[in-house]
Amino acid sequence: MHMLKKKPGQNSPNNLTPQQKKFIKNMVDSASPEQLILLLYNGCLQWLSMAKKELDKNKTERIPNWTNFSHQMKMSVSIIEHLQDSLNHDVNKDFAEQLFNLYEYLKSNLMKANIGKDSEKIDFSMKIISDLKNGWQEGINKLNGKTSADAGGNA
C-alpha cells in the first residue's frame with residue numbers, strides 16, 4: 001500500500017482517488033488469505049505512521065486538533081481486532097492464544113498512546129507489528145518455497 005502516493009492536502013486513505021480505490025479493491029480481492037494478513041499488518045503500520053506525523057504536527061500547533069490522530073489510532077486498533085478475529089484456534093490453540101494475548105497487549109498499548117499522546121508507545125507497537133509482519137512474510141516465502149533472497153530481501 002506504500003506505492004500509493006498522496007496528493008497534497010490528503011490526510012487519510014478516505015481521500016483516495018477512484019483509481020486508487022479500484023486498485024486496492026483488486027489487490028484485496030485477488031489476495032490469498034496469507035497475503036490479506038500482510039495487507040492488514042501493512043495497513044496498521046501505515047495508520048500508525050500517519051498518527052505519528054499527526055502527533056508531531058499537533059505538538060507544534062498553537063491550537064492542536066486531535067481528531068485525525070484519534071481516528072488514525074482507532075483505525076490501527078480496529079485492524080489489530082480484525083487480526084485477532086482471524087486467528088484459527090483449531091490449528092494450534094497455544095500459538096493462537098499467545099498471539100491473541102499479544103494483540104490484546106498491542107491494543108492496550110495503543111489506547112494508552114492515544115490517550116497520553118505518547119510517541120514512544122506508538123514506536124514500540126510499530127516495532128512489534130513490523131516484526132510480526134516480517135515473520136509472516138518469511139512464513140509465506142517458506143510456504144511458496146522462496147528464500148529471503150528470492151523475495152528480494154523485503155520482508
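Tabulated values for the structure
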{"item": "Residue that is surrounded by the most Cβ atoms within 10 Å (Cβ to Cβ) [pool: residues in region 55-74 that are at pLDDT below 90 and either outside any helix (DSSP H, G or I) or in contact with a Lys or Arg (Cβ under 7 Å, 6 or more places away or on another chain) (or both)]", "result": "Pro64"}
{"item": "Residues of region 50-85 satisfying the condition of being in contact (Cβ under 8 Å) with a residue 24 or more places away in the chain, of a type outside the set (Val, Ile, Thr) and under 16 Å from Leu132 (Cβ atoms)", "result": "Ser76, Glu81, His82, Leu83"}
{"item": "Sole residue being closer than 20 Å to Leu39 by Cα and surrounded by 12 or more Cβ atoms within 10 Å (Cβ to Cβ), chosen from Asn109, Asn134, Asn92", "result": "Asn134"}
{"item": "Test: residue in region 86-99 that is over 12 Å from the mean Cα position of the chain (by Cα), outside any loop (DSSP other than H, G, I, E, B) and touching a residue at least 40 places away in the same chain (Cβ under 8 Å)", "result": "no"}
{"item": "In region 29-41, the residues that are part of a helix (DSSP H, G or I) and either closer than 21 Å to Tyr103 by Cβ or in contact (Cβ under 8 Å) with a residue 12 or more places away in the chain (or both)", "result": "Pro33, Glu34, Gln35, Leu36, Ile37, Leu38, Leu39, Leu40, Tyr41"}
{"item": "Pair list, Cβ < 9 Å and 6+ apart or interchain, from region 127-139 residues that are under 7 Å from Tyr41 (Cβ atoms) and touching a residue at least 24 places away in the same chain (Cβ under 8 Å) to residues that are polar (S, T, N, Q) and in a helix (DSSP H, G or I)", "result": "Ile129/Ser76; Lys133/Asn42"}
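The values are calculated or read from the model by the stated rules, or taken from the named source; none is laboratory data. Fair warning: this is a prediction, and the values are worked out from it, not measured in the lab. Cβ sites come from the backbone with ideal geometry, for glycine too, and all protein chains shown count toward neighbours.
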